[in-house]
Every structure is written in structure tokens, then in C-alpha cells.
1. Check 14, 30 and return the single one that is among the aromatic types (Phe, Trp, Tyr), at negative phi and in a loop (DSSP other than H, G, I, E, B).
2. Residue 273: in contact (Cβ under 8 Å) with a residue 12 or more places away in the chain, assigned to a helix (DSSP H, G or I), under 30 Å from the mean Cα position of the chain (by Cα) and over 19 Å from residue 60 (Cα atoms), yes or no?
3. Considering only the stretch 244-263, how many residues are on the phi < 0 side of the Ramachandran plot, touching a helix residue (DSSP H, G or I) at 6+ places or on another chain (Cβ under 6 Å) and not in a helix (DSSP H, G or I)?
4. Quick one: would you say residue 152 is open to solvent by 10 Å² or more (accessible area, probe 1.4 Å), of a type outside the set (Val, Ile, Thr), on the phi < 0 side of the Ramachandran plot and modelled with pLDDT under 95?
5. Suppose we filter 679, 686, 673 for residues that are within 20 Å of the chain's Cα centre (by Cα), modelled with pLDDT under 90 and open to solvent by 10 Å² or more (accessible area, probe 1.4 Å); which single one remains?
6. Filtering the stretch 44-74 down to residues that are of a type outside the set (Val, Ile, Thr), out of contact with any Gly (no Cβ under 6 Å at 6 or more places or on another chain) and part of a loop (DSSP other than H, G, I, E, B), which residue is most open to solvent (accessible area, probe 1.4 Å)?
7. Would you confirm whether or not the stretch 25-34 contains a residue that is over 26 Å from the mean Cα position of the chain (by Cα) and surrounded by fewer than 17 Cβ atoms within 10 Å (Cβ to Cβ)?
8. What number goes with the only condition from (1) modelled with pLDDT of 90 or more; (2) crowded, with 21+ Cβ neighbours inside 10 Å; (3) closer than 25 Å to residue 418 by Cα that residue 753 does not pass?
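The values are calculated or read from the model by the stated rules, or taken from the named source; none is laboratory data. Note that the coordinates shown come from a computational prediction; the quantities given were computed from them, not determined experimentally. Here the Cβ positions follow ideal geometry from the backbone for every residue, glycine too, while neighbour counts run over all protein chains shown. Each accessible area value is taken on the protein alone, full model and side chains, heavy atoms only, with ligands, DNA and RNA left out. Shrake-Rupley method; radii C 1.70, N 1.55, O 1.52, S 1.80 Å.
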Amino acid sequence: MATRSAVAAANLGFPRIGRGRELKSALERFWAGKSSAGELESTALGLRERHWQLQAAAKIGIVPSNDFSLYDHVLDAAALVGAVPERFRAERARGELATCFAMARGTPGAPAMEMTKWFDTNYHYIVPELDAPEALHLASDKPLREYREARALGIETRPVLLGPVSFVLLSRTAGNAESRARLAERVADVYAELIDRLAGAGAEWIQLDEPCLGLDLADQDRWIFPRAYDRVSGHARLAVATYFSDLRENLPLAMRLPIDALHLDLVRAPGQLARALDLAPSRMTLSLGVVNGRGVWRTDLGRALATVRDAVDRLGASRVQVAPSCSLLHVPIDRDIETSLPAALRERLAFATQKLDEVALLARAATDDNPMELLEHAAARRQQTSALPHDAPLTGARVLHRAEPIDRGMLVREAAFAERRRVQRERVPLPPLPTTTIGSLPQTAEVRRMRAALRRGHVTNREYEAFMRREIERGIRFQEEVGLDVLVHGEFERSDMVEYFAEQLEGFAFTEHGWVQSYGSRCVKPPLLHGDVSRPHPLTVAWSRYAQSLTTRPVKGMLTGPVTMLQWSFVRDDVAPALVATQVALALRDEVADLERAGIHVIQVDEPALREALPLRRDERAEYLQWATDAFRLATGGAHAETQIHTHMCYAEFGEILNAVVRMDADVLSLEAARSRTAATGVLEAQSYGRALGPGVYDVHSPRVPSVDEFAEHIRRALEIAGPEQVWVNPDCGLKTRSWSEVRAALANMVEAARVVRAELAAEGPPLVERRGTAA
């Protein structure tokens, strides 16, 4: 047996936002003009120092730096190599901070850069725009500054960079694989210059994140890796981090790169370790991602330790590192500040801080012949979980009796789409290019204070309901005044589109401080789905019924779909997600029926996470798409023909799931298209879709208010592909994060643009209108 000297404990990245969401507050104060850049930077420095010290105190031997970002690490990589689009060049005079925020959020004269999902997570990244390799250069010293900050604290760190190839493959580029290769080589040259500076400052190791090695890559893209790494190697010791997927055919390629360590996600793909042990060259260290960096449940330390010891037996302790499966960016910071959870449930959890402890414990136990600490920890875990009522596999008799098996007839609407379209038009006549919003209206500080006051018992239910009714009426009157065709009630009672529903369903629990960054200052607090799911009472009916009573225009009922409920929650890891999705879908099916009985005949079931949850490997997608679309159809299949079912998706490429989108059998699909200009292409260009489409025309994640002309141009582009009876006009997402002043101006412009284009269509006459596309 190889000697067991020491196994290193490593971390790949730490959450940025702070235990009290200090970064969110600092960013929003700065953007509102209430604080200076110096104050923002001071908050950021304090967070970095606190997090480095926390990791060092947890006995993490390999601590990352440059994993911190004020907005997004991919945006930082673009700024690092000088990839600033021409429309933002004027911002450079105001400095790096202003330039990055302009790229992320837009300016009055320049639309923001595209934003999309980071692989299959709910984190959003800013998509770099790359063109000429010769324009790229070392334009920032951020990684060097942060390395020196940690060193000044006496903490040696491993600087983290987004790998040169993944950076290019995740960017918007023009040209073919050869042009992408030249871009990657140029990025590698810039990185080599930076790494020389880092090495000169004392850094021995550099971490290069290459998650694209876990994708199905074309051969011409796979061979970009050695071309780039030949340029970046030799300047320091390199650790390449992969995560979220099995490397499969890319594993031999990774092993041949001139690198010194390779990180593998053994939570998502435990089976790849055996091949890696066979293929690893003698110079290479393997970093074992055995602690789940994306889930909140405690690690099965006995199983994880067996994996680590297998590697130690083969390679020796000096060539093995223990780590989370990926950056801890995707989990909350500290379970120990959660005081309201049931003790048995709380003890099942491990947030970022506790995961560091697990990593360090596994590293110590890997070479300990009698790891009593680990055994006691594991025994305590077994004792704690056995006390939890919902710890056994889902066995709620009432729910399972209904969920297994499902009658396939429940997945089918009572009429085909053509017939539904006819009766829906009779019930709710709408003009061409009908206008609506996605759901939420702006949530003011007063609205948030009222929700908080109800939770704390500072107002009565009657006072709260009266306040919310006033807000709903205000929202309805605004929408009528601005001229929208289909209204929403505004969702003022909802803090979050998942949490609101989870709070009313059985089987969920909630943290107080379990915040996770979604993008920029936007944070979410995913519920904990730990038991059988069922609906004890109607969820949205009272608010929707009241809103509809205030107007003669149709008001949409707003529900969150089953896949999104799962994807944006922390779901227990011992039950098949398809079964949990079925339970959620049954609850939503009951809600749809109750909304219909209340007189709501336009119902939107949002599934923004449907594409997000798509497995990264193509051969794993069919099974997922089957149960995911089944869940949506189960939720909506009981709706009457006259009820118009909408769904909404955002920030993803949709062409590859077009068949699944069609199979969902929604009457209207709205999708993000204002910022991710290519996101809607696959759906819009597929004439076979044949349903109504609402490609978003208003980027709600930017403070910009588009002009009437800009809105009209978005609408005209949609009409180049789809018919005027097929296209809806709407923002790309909900409006809760925007101010009323922005929303008033933007929606007024959007409605006016729809009127302008309707007039153009009327002037063109029926023959030209028909040539624009097949009306749905």
C-alpha cells in the first residue's frame, strides 16, 4: 500500500454575498447613488478577508482567491482580457468598475450584454462578446490584487481563473472552430502574462476552471484545449477544475494536457474515478470532488472516505486532494445561523461553512487508520436523520396513492390546440399582437415591509389583506391606464415565485438566511424539499379572483411549474426527482381547477427552469424531458379548452428542446429574447411550433427604458418569422425588481410600439400580413 502521509483539503470557490447579504446591500446602495465606489470596495474587501480567514480556520490547505466578484466571474474574465464591446468604450474613462457594471446592466445608450444560465444551475453569467484576437490584452490586475490581499493576511491562496477554452466556448464569437482556437490561444497568452505576475508575487498554483470538458464537444473544439494549454503551461503549476458532469471521452484529453492537477466532480459522476486512476500520469494530482457543492444535505462521510482511500491506495496521499464537487457559490453560507428549523432537519444540513469542515475531516481521515472522529460524526448523522419524520423514502399514503401510477389520460387536454384556439378567441377576443406582462409588478419597500410585518406579527391578517388589496387595485388600474390587453394581479404578496408556493404546500421547510446568489445583487432563498408534497388548500385563488373582480379585461392566474419548483429548491437526494415532480404537478392541477371555478380563464404556469435542468450530456436528456414535460402536462392537462394556458421560460437556448416545448402543449409560450438575442431563435425559426409566442422585448434586468422605436423593432423582428396572430408582446421576465418609474415608462412605450406595428400591419393589408408567417 502506498504511504499515507497527507491528503490536502482544497476548496474551489466560496459564496460572495456574505452571511447577511452585505454584498447585495452594498451594490444596491452604490447603484442608487447612496454610497461611493470606495465604500463598495471596502465592503468587498471585508467579505474577502472574512471568507479567507474562515477557510483557513477550517483547516482548508488550498484556499481560492479571485473567486470573488462584484457581479459575475465570467464578466470579470472578459474585463481581464479587455473584451469590452465597442458600445461601452466610453465607460472606460470612468474606470474598470463603471465599465463592468455598464456591460452587465446597460446604459441609456448601450444595451446590456447577454445573460444566460451557468450550465444547469440557477446562476446567471454575462456572456462575453469576442471578435478579434489581436484586441485582447491584459487589462486588469484584479487576480493579482486579491492574491496580495490574502497574502497580507498570512493566507496563501490558489488564484482562480475561468479556463481559456471554456471562456471562449461560453462566449459569443464569430467564425468557425479555427477562429475560436485563435481566440483561445490569445486568451492563453494573456493568462500566461498574468500568471507570470502572480508567480512573481509568490503564487505556486493557479486554478483554471474548464467545465466545458464535461460537455459533448465537437472534435474541432476538443482540440482547442491542447493548443491553448501549450501556451499557458510552464509559468506556474496548473490545476484544471471540471464539474457538473462526467468527462467521458474528454478524460484522456484532459490527462494529456500539460497540467499538474485535475479536479473531478465525483458527486455528479462518481464512476469516472476508476478510469481517471488508470489514466492519470505520474506527474498528476487528482482532486476528488466528493462533497456536494450544489446541495445542502450532509455528506455520507463513510462512502466519501471509501472513495478517497481508494485513490490514496492507488496514487499515494501526496497526489490526492479532497474538495467539494464544485465552487460553493451555489449553496448558502452557514447552517449554524438557522435557528428556526426543526432540530432534526437542521442537523441533516451542511451549508458552505459545514462543507469546509467535511472536506477537512475527510482529508484528515484519509490517512488515519482509526478515524474515530469521522466514525462518531457518521454515527451522529445516522442518529439524527432517523429522528426525522420525513427521512424515509416518500411514503405518504394519500399522496402516493394518487401519484403512482398516473393515468396517462390526465396528461391530455380535452381538445386539440386548433379547437382550443377557436374557443379561447371567442371567450377572450384580443387584438393582433396582444400585450401583457410576465407576472410580477414592482415591489416597493413598503410592500416588502408589510410582508415582513405580517411574519413578525406586527400587523393583523386583516390589515395585511387590506393593504395587498389596495396594491392589487393600484396595479390593475395602472395596467388598464397603460393599455395592456391581458393583465396580472401583480404578485405583491409573493416574496419569491418558488418560496410563495412552497410555504403553502406540505413537504417544504424554510431557512431564514439560506441565500444564494443568482446574478449581481439578485439573491434567492431556495426552500428545502424534504417530504411528501401535497396542497392542503388553494394557493392563489383569492388574490386572482379579487383582481379579476376589478376589471373587465382578462387577468392571468400565475403559478410556478413543477420542474422550476424542484430546480429552485434544495431537494432531498434520496428520491427520484420524477416522483417529486409528479407530486408537485398534482398540487398545481388542483390549483388550476380552482382558478377556473373562480372565473380565471388565462393561467400561466411558469417553467423558467425547464431548459436549465436539462442534463449536460445529450444521451441523458430524453429521460429527463419525458418526465419534465409529463409533469407540466399533468399540471395543466385538466384545464378546459376555453382556458388559455401560458408558460414562460428564460435565459437559455431553446432550439435543442423544441420538441419538448411543443409536447408541453401550452397555448402561449413567452420567452426571454431582449438580452439573449439568440435565445428565441430555435423556437421562432421553427414554423412547426405553430403556437402563440411572446419573445420578450423588454430587458427587465437593466435599468434602461427602451424607446418606442426600439420596442417596435423587436416586434418587427418577431414578425419576420411568425404571424401577427401568433406573436404576443411582453417583457422578458417579471417586473418586481424594477422601479415604478421605469416600469411606467417602459410599458407605455411597449404598448405604443404594439399600436404602431398594428397600424403598419393594417396598412399592409391581408396578403402581406399572411406572408409574414402562419398565424397560430
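1. 14
2. Yes.
3. 6
4. Numbers: open to solvent by 10 Å² or more (accessible area, probe 1.4 Å): yes; of a type outside the set (Val, Ile, Thr): yes; on the phi < 0 side of the Ramachandran plot: yes; modelled with pLDDT under 95: no.
The answer is no for residue 152.
5. Numbers: 679 fails: open to solvent by 10 Å² or more (accessible area, probe 1.4 Å); 686 fails: within 20 Å of the chain's Cα centre (by Cα).
Residue meeting the stated conditions: 673.
6. Restricting to residues being of a type outside the set (Val, Ile, Thr), out of contact with any Gly (no Cβ under 6 Å at 6 or more places or on another chain) and part of a loop (DSSP other than H, G, I, E, B), the top hit is 59.
7. Pass one, the stretch 25-34, residues over 26 Å from the mean Cα position of the chain (by Cα): 33-34.
Those left that are additionally surrounded by fewer than 17 Cβ atoms within 10 Å (Cβ to Cβ): 33-34.
Yes, because at least one residue in the stretch 25-34 is over 26 Å from the mean Cα position of the chain (by Cα) and surrounded by fewer than 17 Cβ atoms within 10 Å (Cβ to Cβ).
8. So residue 753 meets the others, but not (3).
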